[in-house]
Amino acid sequence: MYRYLSQVLKRFVKPSTLFKYGFNWSPMYRRTTAKLIEVSDDLHKVVITMKPQWKNRNFVGSIFGGSMLSATDPIYMIQLIQILGDDYVVWDKYVEARYKRPAKSKIFGVFIFSEEDIKQIKQDVALNHEIDLVKTMSLVDSNQNNIATFKKTIYIADKQFYKEKLKQRRT
């Protein structure tokens, strides 16, 4: 449903605007209590923020680690889906979370793909048909203290290769 709706809305709204408000209005992302506050026009940079509130506080009054994880979870995957286009399959595969200190104030996270990153991904997929990309991002407070670090493994494949792989798996 979200993919179809975004395709229709892209006719009227910039992809970056759709990305930002699509996330912020989506019921599943709203439940994380995070918000996207910046999305670059080329979708290569996304900035999120999360502040402590009654919905995300844990027993000791800091932001619940699961809320932080869920706020970061979909960003890289959907960024790549939008940047790479319909010729690629992108899936979240694995995440390693490291919580460094309690989040007792507003926190921020930045998700970045450079032009070189995208070129390298396309070259690697063209050569190997599928890859596992590892990206690391951190959530920090306003003083740049590292609150949590997430190491994400993202599966990326050529769509035709992926379809053939699924066919072979079914037989």
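Do any residues in segment 142-170 that are without any contact (Cβ under 8 Å) to a residue 60 or more places away in the chain and more than 17 Å from A71 (Cβ to Cβ) have Cβ atoms under 7 Å from those of residues that are open to solvent by 20 Å² or more (accessible area, probe 1.4 Å) and basic (K, R), where the two are at least six apart or on different chains, and which pairs are they?
As it stands, the answer is N145/R101, since those pairs meet every condition given.
Determine, yes or no, whether K35 is at pLDDT 95 or above and open to solvent by 100 Å² or more (accessible area, probe 1.4 Å).
yes
Suppose the filter is among the hydrophobic types (A, V, I, L, M, F, W, C) and in contact with a Gly (Cβ under 6 Å, 6 or more places away or on another chain); does L133 pass it?
For L133, the condition - among the hydrophobic types (A, V, I, L, M, F, W, C) and in contact with a Gly (Cβ under 6 Å, 6 or more places away or on another chain) - is not met.
The values are calculated or read from the model by the stated rules, or taken from the named source; none is laboratory data. A quick note: this is a predicted structure, and the numbers were derived from the prediction, not measured. Cβ: placed from backbone, ideal geometry, glycine included. Neighbour counts: every protein chain shown. Each accessible area value is taken on the protein alone, full model and side chains, heavy atoms only, with ligands, DNA and RNA left out. Shrake-Rupley method; radii C 1.70, N 1.55, O 1.52, S 1.80 Å.
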